[in-house]
Structure formats: C-alpha cells, structure tokens
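Read through the structure below, which is laid out as structure tokens, and then see the notes.
All of the numbers you see were taken from the coordinates with simple rules; none came from a lab. Just so we're clear, the structure is a prediction, and the values are computed from it rather than from any experiment. Here the Cβ positions follow ideal geometry from the backbone for every residue, glycine too, while neighbour counts run over all protein chains shown.
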C-alpha cells in the first residue's frame, strides 16, 4: 500500500540535494548564521516575523509588532509578497529577488546574508503559504536551518525544503544595506530594484547601491543612466549630464538617456542643445515604442516652450 | 451618449483630483530609472494618471481587506506602478503567507499522509 502511494506521488528520488548546489571545495563546510535574530510568529503572522528577522540582520531596529500594520492583511490572514518588498523599501533597505535556484540561495548564506523565502508547505490543492528565513545549511546531513514559525532553529531536509520552495516558483529575497550587492546579481533586476527605491529613499542612498553596480558592469549604459537620474535628483546637473553622456557613449540606442539629457539641458536653459538631442532621439525612436515617443514629444514641447519664453543659460552649458 | 458623458465627467473629476498630485511631479518629462526599466523590457508603461488611479484603487482594496486607511496610504506609497497594477488586478488570487493550517477531517488526514511521505512540511513536530 505504502510503496504504491510513494510511486503515485512521485517522490522516490532521495539523493542528497546540497552537493549539486555547492561549488567545488565548499561541499563539506557547514554554514550557519547563528547571530540571526528570531521572532516567533504570532497567529498567521509569519510575514511580519520573518521580515523583522531579515531587516534586523541588515541593521534595522524593528519588531514584528511594528510590521503587522505594514504587511499583514487581516481579511486574508496573511501577507503578500509585494507588500513584503514594498515595506522593506520604507526602511531604506534594498529588497532584491535572488535568482530562483538553490546555489544562489546558498551563496547568499556564505556571504553572511540570511534569505527570506516563500514556501508552500502544503500541496497545490491544499496550499499552506509560509514565509521563513533560511540561515544555514549542513552538507554532511543534507539539511537546511531556518527561522520558521515558532521554531528558532528548524532543521529541514534540503530535499523537502526544495519541494516546498519550488511550489512558490523559488521566490526568495535578500535585504541589502546601502552599498551592498547580491552575490550573483542580474543587471536588469538589480537596476529595477534600485529604481523602485526612488520614491522612498534619498538619491544619496540610490547612489550607494549604484556605485558598486558601476564596478560590476562597467560597460552598461543603463547603470550610467540610473546614476544620472540619481545625480539629477540630487541637484547635480553637470554630473548628471556627464553620466547621461557616458550612458550614450556606451549604448547610443539608449533613448531614455537621451531624453533625460535633453530635458536636463532644457532646464539649464541650453535649449538649442536640448532640442538637438531630443530630435536625434525622435529620429532614432521611429514608431517602435509609443510610450517612449510620447515622452520624447513632451520633452520637446517643454524645451520649445522654454525657448519661446526666452530662457537662456545662466552660465555655460553642462 | 449618456455613457460618454459619464466617462467625460469621471475623467474630468479624476483630472481635478490629480492636479495636486501632478503638481508635485516637477519632472514630468524626465524618465525615472524604474519606468525606463519597464520601457526597456517592453512591458506596458503606466503613465502618471493611470498610476494615480491604480494607487487609489489598491488603497480601497487594502481597506476592504481590513487595513486602516492611513496605514493603507503608507503601504502603497513605496509600491512601483507594476506592483500596484498587479495588486489591483490580482489581489484576491495572490497567495498570502500565513504559515498556519486550519483544516479538519479528511483534508487533515490527507496532509498527514503526505507529510509522512515527505511531500509536505506542514507539521513542525511529528
């Protein structure tokens, strides 16, 4: 009876999981971030508890009780992933979704960062959605260590953890301090994560996350574009202009950078230069991207208006 | 005709409410990094007006789900247009992590069997 059931549920494979997810030379060492705090969850409140755990580890002094009003939905008896991410931003920490694989998760642990994971502890038909914080692993016993629910140190077989994690598409985030980058960052996802902070964090902090990105991807026009935006928000027009120009020299097709350069020039009273840039961008844009084209036309009319009102550069143009 | 009028009125009402919001956006033609990433990925870019409307909608939804209105405003304040749109469209179906099981009878028995077979991890200590 039991063997038939095992075959039916398809869980016959019982080889160890961790060795494949570890680089050579790391396959023997246990990692455990024992300093990671623990907040036992109140009823339904694994969201606030696990978020408090990773925020505290990233140097924020916050308790689950303070997070309940920020991420808990009373009528749903739980917390949504989007709200977990959005709340992290309000504490000026960068929530970054790591690549959905076990080896990247383990690499974050080796870098000293606990990882907030989303699990389905049940099955698809009877889901039990759960947030927990992975704090370590032991390859010899093929187990993971978690801060989970009411257990300070839950020991779960890596295979079982993987199953429960797969059921959420392997969703996991790390919470980064200013200036910190994930171990294996994805350029676009990282920049989008930093860009998403613009409403909540000052440009100084955005730059703290963008400077290491510049080192990581020196050839990326997008990184320079994002730096230009942060500098502009800091009121540093000349530095912003040179970042936008650098972005364009790395990637001449980066029309968002040309738009912002044109806009900035117009604002500085350098209307002819601004018009030249925006017209170049409009030529390049063609009819491919309607949203971008609309913005370019807005930029153009704004510079035109400045030109007609006789605005002139107060000093030299950036 | 009536429907058209209603639409116009709604849009105008929306616009007047918007004016204060938009006033604060000094750089209307400056493209933010977040928007640029959306444009680069060629997914749908949400303009300021649509964005503002989805903020108001999500706020209402959060309040309906038991969040007090001032908390709801704070909660939406740090969401991106993409996140707001996802919440607005799918808040009812999105999974909410609770970490607690409240099932009885046969479902419990099924889960218990699955747990013993190593498929689920619902029960912390067995």
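To the nearest ten degrees, helix A:290-308 and the longest principal axis of the Cα atoms of chain A are 30 degrees apart. Starting from the Cα gyration tensor of the range A:48-196, take the square roots of the eigenvalues, sort them a ≥ b ≥ c, and report rounded, prolate or oblate (rounded when a/c is under 1.5, otherwise prolate if a/b is larger than b/c, else oblate). Rounded is the answer for the range A:48-196, as its axis ratio a/c remains below 1.5. A straight chain from residue A:189 to residue A:151 at 0.36 nm per residue would run longer than the Cα-Cα distance by 10.4 nm.
In chain A, the longest principal axis of the Cα atoms and the axis of helix A:81-90 are about 60 degrees apart. Between the range A:144-186 and the range A:202-236, what is the C-alpha centre distance in whole Å? Going from one Cα centre to the other spans 29 Å.
How would you rank A:287, B:71, going from fewest to most other Cβ atoms within 10 Å of each one's own Cβ? Don't jump to the answer; show the numbers that get you there.
Values: A:287 6, B:71 15.
Least to most surrounded, the residues fall as A:287, B:71.
Hey, what did chain A get for relative contact order, percent, Cα under 8 Å, at least 6 apart?
About 13 percent, as a whole number.
Normalized C-alpha radius of gyration of the range A:233-318, against 2.2 N^0.38 Å?
Values: Rg = 12.3 Å, N = 86, 2.2 N^0.38 = 12.0 Å.
In units of the 2.2 N^0.38 Å rule of thumb, it is 1.03.
Cβ crowding within 10 Å ranks A:106, A:187 as A:187, A:106, fewest other Cβ atoms first.
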